[in-house]
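Below is the structure I would like to discuss, written out as structure tokens.
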Amino acid sequence: MATPDAAIPAVAVVTGAGSGLGRAIARELLDHGYRVALAGRNATPLRETANDHSGALVVPADVTDPASVRALFAAVLDAWGRVDVLVNNAGTFGPVGALDEIAVEDWTATLTTNITGYFLCAAEAMRAMKQQQPRGGRIINNGSISAHVPRPGTAAYATTKHAITGLTKSISLDGRPDGIACGQIDIGNAATDMTHGFAAGARQADGTIKQEPTFDARHVAEAVRHMADLPLNANVQFMTLMATAMPYIGRG
């Protein structure tokens with residue numbers, strides 16, 4: 001997206017940037033001229049993502065901690081003066097098992113990371129976007145195929161991803177008067193550490209174990225960059241990007 005001065009690169013914040021999709025997205029944005037704040041709990045993998053890129057800002061942060069999130073955005077504003085794009089990506093798969101087998105502590109921890117973490121980061125981004133001149137910006141939420149159809153034994157994760165769809169719609173509505181766009185990308189079987197087991201075999205709704213196809217995570221990064229690059233008078237509200245032959249259509 002364009003900044004107020006076309007000669008100045010746009011500023012993006014990517015959470016969960018130390019690995020997986022977050023790393024791929026952050027590097028894609030860096031490679032295409034964005035200044036990118038890399039957020040995650042551990043500095044070492046964030047520095048590995050940055051790879052000494054001059055446009056990268058490494059900011060260790062815990063998205064579940066309000067003070068840590070405030071410090072993250074304060075660091076970005078101190079460095080670059082504005083926030084043009086937030087990619088809400090940090091998350092956890094959570095516990096696996098039937099609902100009655102899930103410990104309440106594991107349920108709560110999953111909701112705190114996957115929902116409250118998104119809320120805290122979006123709230124700080126919106127606060128900055130409303131105050132900067134010109135106003136506005138874009139928030140991109142990493143949803144999931146599980147925002148539509150859950151896998152067996154993943155009630156906590158599926159619940160959080162359904163909730164992100166509601167958050168995306170609410171941000172889109174509440175941000176409209178201030179030029180803040182919000183979209184969601186729902187991803188199925190991108191090849192990351194989180195999904196590597198699917199290629200070996202994943203439990204299906206009928207109880208069988210089947211191999212599932214995956215696809216290169218760079219395609220997710222390219223899709224997020226496309227969403228980020230749009231002018232603020234255009235928005236990808238929802239995008240589904242998945243391995244073509246994965247058991248999503250017809251799941252169950």
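Does region 203-232 hold any residues that are surrounded by 12 or more Cβ atoms within 10 Å (Cβ to Cβ), in a strand (DSSP E or B), basic (K, R) and at pLDDT 80 or above, and which are they?
Within region 203-232, no residue meets the criteria.
Go through region 32-70 residue by residue and tally those that are surrounded by fewer than 15 Cβ atoms within 10 Å (Cβ to Cβ), closer than 18 Å to G81 by Cβ and not polar (S, T, N, Q).
Total meeting the criteria: 1.
May I pose another question? Assuming A2 fulfils every condition listed in (1) at pLDDT below 95; (2) crowded, with 21+ Cβ neighbours inside 10 Å; (3) hydrophobic (A, V, I, L, M, F, W, C) apart from one, which condition is it?
Checking A2 against (1) at pLDDT below 95; (2) crowded, with 21+ Cβ neighbours inside 10 Å; (3) hydrophobic (A, V, I, L, M, F, W, C), the one that fails is (2).
Another question, then. Does L167 count as within 18 Å of G94 (Cβ to Cβ), modelled with pLDDT of 95 or more and either surrounded by 17 or more Cβ atoms within 10 Å (Cβ to Cβ) or not β-branched (V, I, T) (or both)?
yes
Still on this structure, I have one more. Going by the structure shown, is L99 at pLDDT below 95 and touching a helix residue (DSSP H, G or I) at 6+ places or on another chain (Cβ under 6 Å)?
Taking the combined requirement at face value, the residue satisfies it.
Please enumerate the residues belonging to region 70-113 that are in a helix (DSSP H, G or I), in contact with an Asp or Glu (Cβ under 8 Å, 6 or more places away or on another chain) and touching a residue at least 60 places away in the same chain (Cβ under 8 Å).
Scanning region 70-113 gives a single hit, F73.
Scan A128, A147, A200 and give me the residue that is more than 30 Å from I8 (Cα to Cα) and either surrounded by 21 or more Cβ atoms within 10 Å (Cβ to Cβ) or touching a helix residue (DSSP H, G or I) at 6+ places or on another chain (Cβ under 9 Å) (or both).
Just a single option satisfies the conditions, and that option is A147.
I would also like to ask the following. Name the residues in region 124-152 that are in contact (Cβ under 8 Å) with a residue 40 or more places away in the chain and of a type in the set (A, V, I, L, M, F, W, C), would you?
A125, M126, A128, M129, I139, I140, I145, V149
Matching residues to (1) farther than 19 Å from T92 by Cα; (2) touching a Ser or Thr at 6+ places or on another chain (Cβ under 7 Å); (3) hydrophobic (A, V, I, L, M, F, W, C):
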site	(1), (2), (3)
A125	yes, no, yes
A128	yes, no, yes
R138	yes, no, no
G143	no, yes, no
A155	no, no, yes
T159	no, no, no
I171	yes, no, yes
D174	yes, no, no
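Being closer than 24 Å to A24 by Cα, of a type in the set (A, V, I, L, M, F, W, C) and touching an Asp or Glu at 6+ places or on another chain (Cβ under 7 Å) is true for just one of A190, A181, A147, A200. Which residue is that?
Result of the check over A190, A181, A147, A200: A147.
Further, regarding this structure: Would you please name the residue that is surrounded by the fewest Cβ atoms within 10 Å (Cβ to Cβ), looking only at residues in region 177-197 that are modelled with pLDDT under 95 and of a type in the set (G, A, S)?
G197
Mind checking which pairs have a first residue in region 226-252 that is under 21 Å from K169 (Cβ atoms) and of a type in the set (G, A, S) and a second that is modelled with pLDDT of 95 or more and not in a strand (DSSP E or B), Cβ under 7 Å, 6 or more apart or different chains?
The qualifying pairs are A228/L29.
The values are calculated or read from the model by the stated rules, or taken from the named source; none is laboratory data. As the structure is a prediction and not an experimental result, all values here were calculated from the model. For neighbour counting, all protein chains shown are included, and Cβ atoms are generated from backbone atoms with ideal geometry for every residue, glycine included.
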